[in-house]
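In what follows, a single structure is set out as structure tokens and then discussed.
The values are calculated or read from the model by the stated rules, or taken from the named source; none is laboratory data. Since the model is a prediction, treat every value here as computed from it, not as a measurement. Neighbour counts run over all protein chains shown; Cβ positions are idealised from the backbone, glycine included. Each accessible area value is taken on the protein alone, full model and side chains, heavy atoms only, with ligands, DNA and RNA left out. Shrake-Rupley method; radii C 1.70, N 1.55, O 1.52, S 1.80 Å.
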Amino acid sequence: MRFTKMQGAGNDYVYVNCFQEPVPADPAKVSIAVSDRHFGIGSDGMILICPSEVADAKMRMFNADGSESEMCGNGLRCVAKYVYDHGIARKPELALETGRGILHVKLDVQNDKAVRATIDMGEPILKSEMIPTTLPGDPPINHPLEVGGRTLHVTCVSMGNPHCISFVEELDDALVHGIGPLVEKHSVFPRRVNAEFIRINSRTDATMRVWERGSGETLACGTGACAVCVAGVLTGKMDRKITIHLLGGDLELHWSEADNHVYMTGPAVEVFSGEWPSE
Ligand SMILES: N[C@H](CCC[C@H](N)C(=O)O)C(=O)O
């Protein structure tokens, strides 16, 4: 199976061009194998770039534990780059089918290659039952959550996939690696959740670490950054247009008052290609 390794703000995935390769018979099993950073290729998961009946291409995203997610923001920027650079659809504006419907992407092309992308990530999903969470609120805002002996005050948002945002003073490993996994699997999140921890630097600037559902700590989470932008506004802590600094790079977010859509801009990089022995 030929693959291409790509990363968006350090959130790295193994990409498979399923216009040319068959869709793996057991994609969950392949994602687990290729994601292993010692016995596999090493990645946060696997993303299939597939033909679509309704868009230029379709993205299917699998976490490192094999679970399939509805959406992946950093992944979609890299899918858009791949689709343009490899001639699947040589257009700077693309429509891509995802688990939450068709999303639209604008590419920044330099020297004939896409280097950055702005994605219209659609409207945030705020109804508790749609996030989903059993916490009340539509959505829960600064809701107390007892976890690991600590009380977090969480704001929950879905961008097609579920996010639990906590604004904190310190972003340390004890919080991200100790509390993060407990939030991910907390009983108030029936489909588990991505846990974002945010230190606010100003009304337009924040620093974020994330414990992702199905992958653990990653260097960046695009849908998570979008959810943080929404949570910042809902809690009154941040403005609608912000920069988020993640371990792997920066993302620019804007929750537009005009159309209620969240826009995310960030890098997309092709690292290397190779061959993975098929089953
Ligand atoms: N772990 C996430 C999927 C990847 C999201 C993230 N890497 C992004 O860039 O949005 C989930 O299970 O919902």
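Using a simple spin-label model with pseudo-atoms 7 Å out from Cα toward Cβ, residue 205 and residue 273 lie 4.0 nm apart.
Relative to the globular-protein estimate of 2.2 N^0.38 Å, the Cα radius of gyration of region 128-260 stands at 0.94. Among 155, 27, 62, pick out the residue whose Cα is farthest towards the positive end of the charge dipole of the chain, where Lys and Arg carry +1 and Asp and Glu carry -1 on C-beta, about the Cα centre. Of the candidates, 155 comes out farthest on the positive side. Of the residues 208, 251, 189, the one whose Cα sits farthest towards the positive end of the charge dipole of region 128-260 is 189 (charges of +1 on Lys and Arg Cβ, -1 on Asp and Glu Cβ, taken about the Cα centre). Show which lysines lie in cross-link reach of residue 81 when reach means a straight Cα distance below 17 angstrom and same-chain residues fewer than eight apart are skipped. Excluding near neighbours in sequence, the set is 5, 58, 91, 106, 113.
Here the alpha carbons of the chain define both size measures, Rg and Dmax, at 17.7, 53 Å.
Rank by packing, highest mean first: peptides 123-134, 44-55, 70-81, with packing defined as the count of other Cβ atoms within 10 Å averaged across residues.
Working: 123-134: 17.7, 44-55: 20.1, 70-81: 28.3.
Packing proxy ranking, top to bottom: 70-81, 44-55, 123-134.
For region 193-265, averaging the sequence separation of C-alpha pairs within contact (under 8 Å, six or more residues apart) and dividing by the residue count gives a relative contact order of 26 percent. In region 128-260, what percentage of the DSSP-assigned beta bridges are antiparallel, given to the nearest 5? Antiparallel bridges: around 75 percent, rounded to the nearest 5. As a fraction of the 1.4 Å probe accessible area of region 93-200, surface on carbon and sulfur atoms comes out at 49 percent.
Rolling a 1.4 Å sphere over the protein heavy atoms, what is the accessible area per residue of region 128-260, to the nearest Å²?
Numbers: 5060 Å² over 133 residues.
That works out to 38 Å² for each residue.
From largest to smallest, the equivalent ellipsoid semi-axes obtained for region 37-128 from the alpha-carbon gyration tensor read 21, 19, 12 Å. Using a 4.7 Å Cβ-Cβ cutoff, the cysteines of the chain lacking any partner cysteine are 72, 78, 156, 164, 221, 226, 229.
With only Lys, Arg, Asp and Glu charged, each at its Cβ (+1 for the first two, -1 for the last two), find how big the charge dipole of the chain is about the Cα centre; round to the nearest 20 debye. Can you show the working numbers first?
Numbers: 26 positive and 37 negative charges, 27 e Å.
Once rounded to the nearest 20, the dipole reads 140 debye.
Extension gain, residue 65-residue 89: 0.36 nm per intervening residue step, less the Cα-Cα distance, totals 5.6 nm.
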